[in-house]
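The values are calculated or read from the model by the stated rules, or taken from the named source; none is laboratory data. Because the structure is a prediction, the values reported are computed rather than measured. Cβ atoms come from the backbone with ideal geometry, glycine included; neighbour counts cover every protein chain shown. We work out accessible area using only protein heavy atoms, side chains counted, and drop any ligands, DNA or RNA first. Shrake-Rupley method; radii C 1.70, N 1.55, O 1.52, S 1.80 Å.
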Amino acid sequence: MNDEILRIDSLRLNRGAREVLRGVNITAARGELVALMGLSGGGKTTILRSVAALEAFDAGSIDIGGVVLRPGPLPKGTLARELRKQVGMVFQLHYLFEHLTAMQNVTLAPLHVAHAAQAAAEARALQLLESLGVSHRKDALPRELSGGEAQRVAIARAMAMDPPLLLMDEPTASLDPARRQELGDTLRRLVAEGRTLVVTTHDDDFARDFADRVVILAEGEVVEQGNARDVLTNPQHAATKALLQGRAT
């Protein structure tokens, strides 16, 4: 049995004359936390957006649990629905719907995409919120949540369709050290349950402590990858060294 959940082959994406992604190859296995790292502008977030079918690409392919994305228009209809079952995304700024409570944000996709029964959707949402330590905030609006609470609600929303793959864009960007540790523990728990996480991050300490593998990107290409601790402790490529030096200065 192939435990590979994500396979990105020869991914290319242009914006005008600029090559944003230049033949990217990345895989992620079930129960693995992969950190995409690199200096700003390297293509990390663009890769996540391409995998989530939020951005069209020009060449290559993306296979998410057997749902295959190819160059051309963004998927619609059946393909889009199948994709939503395979992948959830947590944005850096969370993007919770401001007029909906935490519970309503989490039940939105199950109710309107999967057409689940209200009671079943709410029971699942409550279970997720409880597992993430925010069930007591289920009736709060996003503006009433702290940054850490909003992030956990966003994770619950991304998990509501029970996708095997979760994408997270800079999850530690606005967290203090205590919240960062809590988030890392939460993500490791999700991985232990068999979920696959692909996160972008500039935080090498976070990647070293919690990621299984890192993929270093520079100017739209993968330049180094491997065991997180090995790569970040003994970097081989100039781009990895520059990333770590930038963190130290």
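Could you name the aspartates and glutamates in cross-link range of Lys76, using Cα to Cα under 17 Å and dropping any fewer than eight places away on the same chain?
Here the aspartates and glutamates satisfying the reach criterion relative to Lys76 are Glu55, Asp63.
For region 135-206, what's the relative contact order in percent, using C-alpha pairs closer than 8 Å and at least 6 residues apart?
36
Return the Cα extents of region 152-231 along principal axes one, two and three, sorted largest first, each rounded to a whole Å.
34, 27, 23
Over the chain, with every protein chain in place, what whole percent of the accessible area is carbon and sulfur at 1.4 Å, could you tell me?
The C+S portion of the solvent-accessible surface of the chain is 49 percent.
Would you mind working out the magnitude of the charge dipole of region 30-171 relative to its Cα centre, with +1 at each Lys and Arg C-beta and -1 at each Asp and Glu C-beta, to the nearest 20 Debye?
220
Quick one: putting +1 on the C-beta of Lys and Arg, -1 on the C-beta of Asp and Glu, what dipole do you get for the chain around its Cα centre, in Debye to the nearest 20?
400
Go ahead and estimate [θ] at 222 nm for the chain from helices alone: -39,500 (n - 2.57) per DSSP H run with n ≥ 4, summed, over the residue count, rounded to 500.
Taking each H run of at least 4 residues, the total per residue is -11500 deg cm²/dmol.
Considering only protein heavy atoms, what per residue accessible area in square angstrom results for the chain with a 1.4 angstrom probe?
Dividing the accessible area of the chain by its residue count gives 46 Å².
Along the charge dipole of the chain, Cβ charges K/R +1 and D/E -1, which of Met103, His202, Ala80 sits furthest on the positive end?
Working it through, the farthest residue towards the positive pole turns out to be Ala80.
Most fluctuating residue of Gly16, Gly43, Gly194 in a GNM of the chain with Cα springs under 10 Å: which is it?
Gly16
Less than 12 Å apart at the alpha-carbon level, and either on another chain or at least 8 residues along: which aspartates and glutamates does that give for Lys85?
Cα-Cα hits under 12 Å: Asp162.
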